[in-house]
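Each remark here refers to the structure printed beneath this line.
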Amino acid sequence: MTNKLRQYFPMIHTRQEVLAEIEAKPKLKQEFYSWKKKYRKEFLDFCTGVKGVKIMYDFISKEILNPETVPERVEELLSLLIGQQVHIKEVLPNDGTRISDESTLVIMDMVVELEDGSIVNLEVQKIGYKFPGARSACYSADLLLRQYRRVRKKNKQEGKKTKSCYRDIKDVKSPTEFHEFPDTYIHYFEQHSNTGIQLNLLQKYLFISIDIFLKYQQNIGIQLETRRDAWLAFMGSDDPDIILKVIEKYPDFKGMYQQVYEICQNIEEVMGMFSKELAEMDRNTAQLMIDEMQEDIKQKEEILKGQDDRIKDQINKLKEQDDRLKEQDQVIRELMKKIEQLENK
């Protein structure tokens, strides 16, 4: 596998070269051996080309898909995902409020304004959140509010009426990962009326499950029929065979992979960034466990509520039976009283 990638990227270090540099610097050596064995292997694998570098590493994705330095890459990716031509007008500050400590679970989160004024939030998650629909709705609402404020400020500066702000607000599109259906990896959402009335409710959502896409590609023999397929493979796979398939079918991707391996030339810097990735991973796991515990507690509460409702139903039934028994007892007493009266006569 090493030779496969080195044929295309001769700058890739050998295992001996990487270990020699680490062993020569006490600080690096201490850092390297503080990692678990599987992480040491993972680091050596992508530095030496045994496996490809995961583009979803935070420090990699920020270099390869920076909307300020390489907007054409982000524009093409968004165009292929959304299905319409995209040109980035401005990169907006990411000042929306995150729920809890969710920023530790996100490896890419950029907000850009397009030429038509609509806002796109491109978010990639290493570990999928619980309640993706509720979270997406919250963040898209935040983006709409930010856009309204921008439009209102602009209209005031241009002397327009404030009421026109609502007509000037564009759609919000929020791509992210989604894991509900094992046989489908792209899900599109927008709001519709049950009566057929047409209202532009602005928010649209696109969820993409890259892991499901990769499983699908493995099942069909890595076809990569479109550039969108190539982008998803580029984003999600560190398999050398898939990387070479992407390069052979779409040669311009080689430049981005080469940029990745140029980053890996600085072992000390990459080790520092990889160490931060591991710290984020620990927080990710902790956050995921909290989410799962909350979900488990919620399910147990629902079960207990169901049991409580059943117990109440049983109590009500017993009460009804008791009432019927009391009625029957009253009837029997009246009959006994009549019998006694007859006997006396």
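Any read-out appearing in this document is the output of simple, stated calculations on the displayed coordinates, not a laboratory observation. Note that this is a predicted model, so its numbers are computed, not measured. Reconstructed Cβ throughout: ideal geometry from the backbone, glycine too, with neighbour counts over all protein chains shown.
Here are some notes:
- Overall form of the range 201-240 per C-alpha gyration tensor (a/c, 1.5; a/b vs b/c): prolate
- Pairwise FRET efficiency - N66 versus S193, Cβ, R0 = 45 Å, nearest 0.05: 0.65
- Reducing the range 222-262 and the range 1-67 to their Cα centroids gives an inter-centroid distance of 18 Å.
- 19 Å Cα-Cα threshold exceeded, pairs from K27/K54; K51/K254; K54/K245: K27/K54
- Using a cut-off of 30 Å between Cα atoms, the listed pairs K4/K37; K62/K298; K89/K276; K37/K62; K41/K215 include K62/K298; K89/K276 as exceeding that distance.
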